[in-house]
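Got a structure for you, questions after.
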Amino acid sequence: MTPYRIALYYAPAIEDPLHQRASAWLGRDAATGAALPQDAIADIDIAEVTADARGYGFHATLKPPFRLQGDVRAALDTAQIFAARTAPFALPPLQVTDLDGFLALRESQPCPALQVLADGAVTALDAHRAAATEAEIARRKPEKLSPRQREYLAAWGYPYVFAEWRFHMTLTRRLTPAEKSIILPAVTEALGDAPAAVRTVTDICIFVQAKPGAPFTILERLKLRG
């Protein structure tokens, strides 16, 4: 069955404590699809705060979700070729960061290899992307985007690629200052020392969405062999 949308993401290995703790924080394991109990936080509806991130699964976006043009197997084959020519690399320690109002894990120091990986993913799979519809473009509110973001949206179906891309692993929706004062220490405690570990990016993941509104799950891990 052809999924509604696919995406190419970075996600830590299943055995990595970061996968386990972040999945528990979000309330769902994208590898298994299983719902996970979330710790209660006083005065916060944690299920609501993490709802969007939970649906996408714990990840960092490389090639944003897109509807397929053609067969999913062809897209997977292309992704395999891309992974095969990409070398593994060290990922700097991560840290919880306020990114435009929402909390996410970001790299603690520059990592040019991440940008190269994301740029390559966007171009490698684009032949398999169905053109964005007018409704899809309108949802991105192009009137509020910069000229370069509008250019990217028109060419690649997403405004935040290439020079506009930032590595991040989303943990919450956008928060009010009052919410942040409660949730920032809570998520920092929940993740513990897992983000700070130095890890090697050895694979990337194809995530799939079976139908509109369905959660994304990991379909396949692709080893970097370059």
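Would you mind finding the one in Pro3, Pro17 that is modelled with pLDDT under 95, of a type outside the set (A, V, I, L, M) and more than 14 Å from Met169 (Cα to Cα)?
Exactly one residue qualifies, and that residue is Pro3.
May I pose another question? What number of residues within segment 52-96 are assigned to a strand (DSSP E or B), under 30 Å from Leu191 (Cβ atoms) and of a type outside the set (A, V, I, L, M)?
7
Now for a separate question. Check every one of the strands (runs of 3 or more DSSP E) wholly within segment 123-226 and list those with 2 or more residues that are touching a helix residue (DSSP H, G or I) at 6+ places or on another chain (Cβ under 9 Å) and of a type outside the set (D, E, K, R).
169-174, 203-209, 216-223
Of everything in segment 76-106, what is surrounded by 16 or more Cβ atoms within 10 Å (Cβ to Cβ), in contact with a Leu (Cβ under 6 Å, 6 or more places away or on another chain) and not β-branched (Val, Ile, Thr)? Give them in sequence order.
Hits for segment 76-106 are Ala79, Ala83, Leu94, Leu103, Ala104, Leu105.
So that you can scan it fast, the table gives a plain yes or no per residue for (1) among the basic types (Lys, Arg); (2) modelled with pLDDT of 95 or more; (3) under 29 Å from Thr32 (Cβ atoms); (4) surrounded by 21 or more Cβ atoms within 10 Å (Cβ to Cβ):
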{"residue": "Pro159", "(1), (2), (3), (4)": "no, yes, no, yes"}
{"residue": "Ala186", "(1), (2), (3), (4)": "no, yes, yes, no"}
{"residue": "Gly192", "(1), (2), (3), (4)": "no, yes, yes, no"}
{"residue": "Ile204", "(1), (2), (3), (4)": "no, yes, yes, yes"}
{"residue": "Pro215", "(1), (2), (3), (4)": "no, yes, yes, no"}
{"residue": "Glu220", "(1), (2), (3), (4)": "no, yes, yes, no"}
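If you don't mind, there's one more thing I want to ask. List every residue pair whose Cβ atoms lie under 8 Å apart, where the two residues are 6 or more positions apart in sequence or sit on different chains, the first residue falls within segment 103-130 and is within 25 Å of Ala84 (Cβ to Cβ) and touching a residue at least 24 places away in the same chain (Cβ under 8 Å), and the second residue, located anywhere, is crowded, with 18+ Cβ neighbours inside 10 Å and of a type in the set (S, T, N, Q).
Leu117/Thr86; Ala118/Thr61; Gly120/Thr86
Filter segment 19-68 down to residues that are of a type in the set (Ser, Thr, Tyr) and surrounded by 20 or more Cβ atoms within 10 Å (Cβ to Cβ) and give me whichever is nearest to the chain's Cα centre (by Cα). Even if it seems obvious, please write down each step before you answer.
We begin by selecting, within segment 19-68, every residue of a type in the set (Ser, Thr, Tyr); these are 23, 32, 50, 56, 61.
From the residues that got through so far, the ones that are surrounded by 20 or more Cβ atoms within 10 Å (Cβ to Cβ) too are 23, 50, 61.
Values: Ser23: 13, Thr50: 14, Thr61: 3 Å.
That would be Thr61.
The values are calculated or read from the model by the stated rules, or taken from the named source; none is laboratory data. Every value quoted in this text rests on a predicted model; they were computed, and no experiment measured them. Virtual Cβ from ideal backbone geometry, glycine too; neighbours counted across all protein chains shown.
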